[in-house]
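The values are calculated or read from the model by the stated rules, or taken from the named source; none is laboratory data. Being a predicted model, the structure only gives us computed values, none of them experimental. Note that each Cβ is placed from the backbone with ideal geometry, even for glycine, and that neighbours are counted across all protein chains shown.
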Amino acid sequence: MSSRTGSELFNSPPSRTPLYSAAAGQILAVLLACIFLAYFALIGAGQWQADEYADFGELARSGWHILLPRLKWSPRPFSEVLFFLYGALVNHLRQPLIIPFLGLLWIGLLVAALLTWWERRRREHRENGWPDLLLGLALLASFVTGGPLLEMFYWPAGAVAYLPTLSATVLLFLQVVAGRLETPKGRAVCGVCLLIAASSTEAGATFVASYAAVQLIASTLVTRTTRDGCRRWIWWLLPAIVAVAVLIVLRLNRYESSEPIFGLVPNFARSSGAIVIASLRQGLLEIADTPNHYHAWFGIPARVISRCLLALGAGVIWRFSRRMSTTIRWQILGVVVAFLAAALATISAAELHFGAECCARHETLRRCWFMMSFAGIGMVLSSWPTPTRFAEGRRQFALSLGSLLLCAGAVTGWRARELLRTYRIYRPLHSMVEQNFRSGFDRSSSTMDFFPPPGRGLIVGAQVDPGTYTLATLHESNAQEYYLRFILAYFDKRTIHVHRTDAWLDNPHR
């Protein structure tokens, strides 16, 4: 592999950026940013589920002594510590604090998508970073418009684990695309990304282990003659050690016991070969969006169209705006291979542990990884062979067209009506969450009123049948009643009146 300096290998832009194409990219960037912010503004309707009530209740009763056993069961040092800090603050203030907590996690994702663009803008002191800005915002918009969102974006217990994982992998991908692995600072940033991913979720640790395997293979095939020495590999080796440790702890503890999902009858007698075949099949089905057809255009799944448009748009922009070296092409392919390998491995792990493909947050994370993979493949294919110099008018048209394709890929299949319907009930939905906590923390009565999240729209949480339930009559074998037991235990109540959510949304001030 080439031993040229980082400045020579960096994705060098042409001498000047066409004003028309840059303006088009900036206008579309504003549109994509508005789409992302429209979903960001809904964090006030975020919902607790069983995990918060169970874990924060145990934290209130036992203190921080529960953290070590928890880390054995769920070895996520970064996200678990952050989650229990949130729980301690909630227990102290007796407020759900959903808005500030989710806001912090969403802002982290936004910063991860824009940091590479900001670095280029500061370093080069000129207006040629709009492709980085547009790509980052297009990925953000595709994440929130492409499917179910609750478990990863609006559920604190899920968001605290999976949003840092997504943020870390997004920043890693954009840094690699920008050629930052050829600089010491860029490798340091990518190393931090890998550490956060490895210590946030088991899926993140699986990705880091997959990426480290790719890097190890590349290191054995390529001999570098640079002065960086061990700094060329230490940035990925240390996170890999953390990832392997996480997976070993997971295997020795949580995976020693089966954890079937309510409503499913898993078959744990299947062979490893059958699980691998099932995982490959499920992975291909998810890429083709065959299982659910979240939305379709003329019979073609919208997610397939979206990914192809994203790949085509990113490929056109990078071919006509950046000169990509062979080294960077292989680095991008390395990240793509790690994304795909980690996606298949998470499916296999779910099949092994749960006996079925699980869960919505896993599927959402894989969907985001597939979007980045398609964008990376589009850039690599479009830059091979190295483009020659193009006429200025042709470049302007191509870059503007690429911007439109990238934007179209981000929003194809977007169900805007669902977003608008959620905004119509946003105020009463937010008030409903506050009402639940006021009733729960009311010490004048042993009975509380509870309004479950609606069964429609963007934010669909655990559903509970209306009625009056007492702690003595609830059964753990029933998923709904098991959920209510955690709520009563957390608020120290004996009886709970579950109301119809639709009635509250129609008249929240009654």
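Can you tell me which condition VAL90 does not meet? The list is (1) within 18 Å of the chain's Cα centre (by Cα); (2) crowded, with 20+ Cβ neighbours inside 10 Å; (3) aliphatic (A, V, I, L, M), and all the others hold.
Of the numbered conditions (1) within 18 Å of the chain's Cα centre (by Cα); (2) crowded, with 20+ Cβ neighbours inside 10 Å; (3) aliphatic (A, V, I, L, M), the odd one out for VAL90 is (1).
Condition check: within 20 Å of GLY129 (Cβ to Cβ), crowded, with 21+ Cβ neighbours inside 10 Å, assigned by TED's automatic domain parsing to the domain that holds ARG232 and not acidic (Asp, Glu). Does ARG307 satisfy that?
No.
Considering only the range 420-464, state which residues are more than 18 Å from ARG500 (Cα to Cα), part of a loop (DSSP other than H, G, I, E, B) and charged (D, E, K, R).
Result: ASP442, ARG443.
On the given criteria, is GLY146 surrounded by 23 or more Cβ atoms within 10 Å (Cβ to Cβ) and touching a Lys or Arg at 6+ places or on another chain (Cβ under 7 Å)?
yes
Looking only at the range 465-475, count every residue that is farther than 13 Å from VAL498 by Cβ, touching a residue at least 24 places away in the same chain (Cβ under 8 Å) and hydroxyl-bearing (Ser, Thr, Tyr) and tell me the total.
Adding up the residues that qualify gives 0.
Would you please list the contacts, defined by Cβ atoms under 8 Å and residues six or more apart or on different chains, that run from a residue in the range 366-382 that is in a helix (DSSP H, G or I) to a residue that is among the acidic types (Asp, Glu) and modelled with pLDDT under 95?
Partner pairs satisfying both residue conditions: ARG366/GLU286; ARG367/GLU286; PHE370/GLU286.
Go over the candidates ARG427, ARG456, ARG443, ARG389 one by one and state the one that is within 19 Å of GLN49 (Cβ to Cβ), modelled with pLDDT under 90 and surrounded by fewer than 16 Cβ atoms within 10 Å (Cβ to Cβ).
Going through ARG427, ARG456, ARG443, ARG389 in turn, just one is within 19 Å of GLN49 (Cβ to Cβ), modelled with pLDDT under 90 and surrounded by fewer than 16 Cβ atoms within 10 Å (Cβ to Cβ): ARG456.
Name, by its number, the condition in (1) hydroxyl-bearing (Ser, Thr, Tyr); (2) under 30 Å from GLY46 (Cβ atoms); (3) over 21 Å from the mean Cα position of the chain (by Cα) that does not hold for THR116.
(3)
Just checking, which of LEU406, LEU399, LEU365, LEU420 is exposed (fewer than 14 other Cβ atoms within 10 Å of the Cβ) and within 27 Å of LEU310 (Cβ to Cβ)?
The unique qualifying residue is LEU420.
Residue-wise test of (1) touching a Lys or Arg at 6+ places or on another chain (Cβ under 8 Å); (2) crowded, with 24+ Cβ neighbours inside 10 Å; (3) within 23 Å of TRP330 (Cα to Cα); (4) in contact (Cβ under 8 Å) with a residue 24 or more places away in the chain.
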| position | (1), (2), (3), (4) |
| --- | --- |
| PRO131 | yes, yes, yes, yes |
| LEU134 | no, yes, yes, yes |
| SER142 | no, yes, no, yes |
| VAL160 | no, yes, no, yes |
| ALA168 | no, yes, yes, yes |
| LEU172 | no, yes, yes, yes |
| SER200 | yes, yes, no, yes |
| THR206 | no, yes, yes, yes |
